[in-house]
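First the structure, in the form of structure tokens, and then the observations on it.
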Amino acid sequence: MDKQTEEYNGYCICVKCDLRLEHKKGIPCREVKCPKCGRTMLKEGSYHHQLYQQKFIDNQDNGEQP
């Protein structure tokens, strides 16, 4: 495994402003603040990200804003 692969492991995303940052191995996305808006980031595809996406879809179906 090369050094770049060891350091990179998916993306951290901000659900507020849709910013995506490369996830650094050993640093949980939930400990990273979005540099644009300051919100806590989520690991793309994680359980919590999936919950947020489902809530977003449910709110759209009901005509609500998340």
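The set of residues in the stretch 34-54 that are surrounded by 13 or more Cβ atoms within 10 Å (Cβ to Cβ) and among the charged types (D, E, K, R) comprises R39, K43, E44. Within the stretch 9-29, the residues that satisfy the criterion of being part of a strand (DSSP E or B) and under 8 Å from the mean Cα position of the chain (by Cα) are Y11, C12, I13, R20.
What residue, of Q54, Q60, Q4, is polar (S, T, N, Q), assigned to a helix (DSSP H, G or I) and at pLDDT 90 or above? Walk me through how you get there before you give the answer.
Numbers: Q60 fails: at pLDDT 90 or above; Q4 fails: at pLDDT 90 or above.
Among Q54, Q60, Q4, only Q54 is polar (S, T, N, Q), assigned to a helix (DSSP H, G or I) and at pLDDT 90 or above.
Restricting attention to the stretch 31-49, the residues that are within 10 Å of the chain's Cα centre (by Cα), free of Cβ contacts under 8 Å to residues at least 24 places away in the same chain and not in a loop (DSSP other than H, G, I, E, B) add up to 2.
The values are calculated or read from the model by the stated rules, or taken from the named source; none is laboratory data. Keep in mind the model is a prediction, meaning the values are calculated, not measured. Don't worry about glycine lacking a Cβ; one is built from the backbone with ideal geometry, like all the others, and counts go over all protein chains shown.
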